[in-house]
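Colleague: There's a structure below that I have some questions on.
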Amino acid sequence: MGRRFLVALGGAVLALSLAACSGEGAGGGGDTSGDKPGDLTIGVSMPTQTSERWIADGNAVKQKLEAKGYKVDLQYAGDDIPTQSQQVDQMITQGADVLVIAAIDGTALSGQLQAAADAKIPVIAYDRLIRGSKNVDFYVSFDNYKVGVAQATGLLVGLGLQNKDGSKGTAKGPFNVELFAGSLDDNNTQYFFGGAMDTLKPFFDNGTLRVKSRQTTAEQTAILRWQQETAQKRMEDLLTSSYNDGARVDGVLSPYDGISRGIITALQNAGYGSAGKKIPVVTGQDAEIASIKLINDGVQSSTVFKDTRLLADQAVNAAEAFLQDKQPQANDTQTYNNGVKVVPAYLLPIATVYKDDIKATLIDSGYWTAEEVAAGQAKK
Ligand code: GAL
C-alpha cells in the first residue's frame, strides 16, 4: 500500500515537472509523425538478465529498431521493482518517444504510465500486460491461455495419457503429479495456470491424476519472480512432505524452463533419473538453451516455444505505428482486460517442443544451432 502510494506520488510529481517544461528540452512524446527516425528514441525496459530469454528479447528489439535508424535506450531492472520504476521515470524525463515495457510487477507502474500519458508517450506492454492503468496503449504477446493448455497437454503426452495428435494414449494411471505456477504479480501466470488446470481437470475428476501434496491453487504453487532456486526449494519440500512414504512423483507441471530446471535438480538430488528410478515428466516454457539440451538428453520432457524474434518484430511494428501517429494493427481486442480497460493486442502463435521437434522447430528455424543444443549453451 505504502509503496504503491509512493510510486503514484512519484509519478504525479514527475508529471507536474514534465508539464512545467511544456515539451521544451526533454523532448519525447507528442506528434512525432514528421520526425526523422534518428531524432526519435524508444525506451525499452526489460525485467531481468538472469533469464536468457529477456536478454534475447532486449537485444532483438534494440537491433531491429536501430536497423530502422531509431535510437534505443535499453535498460534491465534486475527483477527489482523500484529499479524498474526509476528506469522508466528516467526514460520519460530523458525524452523517450515510445516506451516498450516488460513489467516485473504488472501493477506497480501506474505512476510511471500516468507520467508517460501526460507527456503523450505511447506505452507498449511487452509480453506481460501492465495492469490497473488506462495508459497502456498496446500489448504484444502470445496466446497465454494456449500456453497453459500446451503445458498441460505436454504433461499428458509425456505421461502417455494422450498422444501428440490429441488422441487417447495407452497409459492408464493413476499418476502422481505436482503443480507449479509462475509469479503471481505477472499477469501471464493466471492465463498459464488457468489454461493448464482447465485441461487437466477431467483427469483430476476421474482420478487418473492426483496431487499428493494437495497444493492445487495458483497461490499455493506460485514461484515468486519465476526463480529457479525457489522452485528447487519447493520441490525439495514437496518430496519431503508428501513422498517420504515411498510413493513416486510421475509428473510435474512447470510454467517456465528456469522453474523446470530447479524442479529437475531437486528430483535428481532425490535419486530420480538414476538407478532405475525414472525421471518424472517435467514441462516448461521459453525453449531456453539449457532446457533444450535437457530435452535432447531425455531429462526434461517438453517446453513451449515462443519465438521472441517474432515478438520483437511486433513490438517494433507497434512502436513505429505510434511514431507515425497511427494505431498498431491488433489481432485481439477482447481478451486482455487489465482491470481498467481492454488493451488491444497482437498475439503470436506458440509451439510445443518435445525431443523430436528440436530439429524442425528450433534448429531449422535458426533459433538455436545444433552445436548450441549439444552444448546446452548459447554462443553469445
Ligand atoms: C513470463 C513469460 C514467460 C517466462 C516468464 C519468466 O511473463 O511470459 O515466457 O519468460 O515470464 O521469465
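The values are calculated or read from the model by the stated rules, or taken from the named source; none is laboratory data. Remember, predicted model here, so these are calculated numbers, not experimental data. Ideal geometry is used to build each Cβ from the backbone, glycine not excepted, and the neighbour counts take in all protein chains shown. We work out accessible area using only protein heavy atoms, side chains counted, and drop any ligands, DNA or RNA first. Shrake-Rupley method; radii C 1.70, N 1.55, O 1.52, S 1.80 Å.
Colleague: Can you tell me the Rg and Dmax of the chain, counting just the alpha carbons, in angstroms?
Modeller: 21.9, 71
Colleague: While we're looking at this one, here's another question. Plugging the Kirkwood radius over Cα pairs into Stokes-Einstein for segment 198-271, at a temperature of 10 °C and a viscosity of 1.306 mPa s, what D comes out in µm²/s?
Modeller: Calculated translational D: 122 µm²/s.
Colleague: Here's another thing I want to ask about it. Quick one: with all protein chains in place, what share of the accessible area of the chain is carbon or sulfur, to the nearest percent (1.4 Å probe)?
Modeller: 52
Colleague: Can you give me the angle between helix 81-93 and the longest principal axis of the chain, using Cα atoms only, in degrees from 0 to 90, rounded to the nearest 10?
Modeller: For 81-93 against the chain, the angle is about 30 degrees.
Colleague: Further, regarding this structure: Given segment 253-357, what count of lysine pairs have C-alpha atoms under 22 Å apart, with each pair 8 or more places apart or on different chains?
Modeller: 8
Colleague: Starting from 0.36 nm per residue, how many nanometres of slack lie between residue 90 and residue 269 once their C-alpha separation is accounted for?
Modeller: In short, 60.0 nm is gained.
Colleague: Compute the helix-to-body angle for 2-20: its Cα long axis versus the longest principal axis of the chain, expressed 0 to 90° and rounded to tens.
Modeller: Approximately 30 degrees, to the nearest ten.
Colleague: Rg/Rh for segment 62-115 to two decimals, with Rh computed the Kirkwood way over all alpha-carbon pairs.
Modeller: Computed over Cα atoms, the ratio is 0.98.
Colleague: Per residue of segment 297-314, in order, report the coupling 6.51 cos²θ - 1.76 cosθ + 1.60 (Karplus, θ = phi - 60°) as ³J(HN,Hα) in whole Hz, putting x for Gly and Pro.
Modeller: Those phi angles translate into 8, x, 9, 8, 7, 7, 8, 10, 8, 10, 6, 5, 5, 6, 5, 4, 4, 5 Hz.
Colleague: Something else: By its C-alpha gyration tensor, with a ≥ b ≥ c as the square roots of the eigenvalues, how is segment 147-267 shaped: rounded for a/c under 1.5, else prolate for a/b larger than b/c, else oblate?
Modeller: oblate
Colleague: What trypsin sites (Lys or Arg not before Pro) does segment 55-107 have in DSSP loop regions with at most 16 other beta carbons within 10 Å?
Modeller: Sparse-neighbourhood loop trypsin sites (Lys or Arg not before Pro): 68.
Colleague: Quick one: accessible area per residue over the chain, 1.4 Å probe, rounded to a whole number of Å²?
Modeller: 42
Colleague: Quick one: helix 228-242 against the long Cα principal axis of the chain, what's the angle to the nearest 10°, folded into 0 to 90?
Modeller: 30
Colleague: Size of the dipole of the chain about the Cα centre, Lys and Arg at +1 and Asp and Glu at -1 on the beta carbon, nothing else charged, in debye to 20?
Modeller: 980
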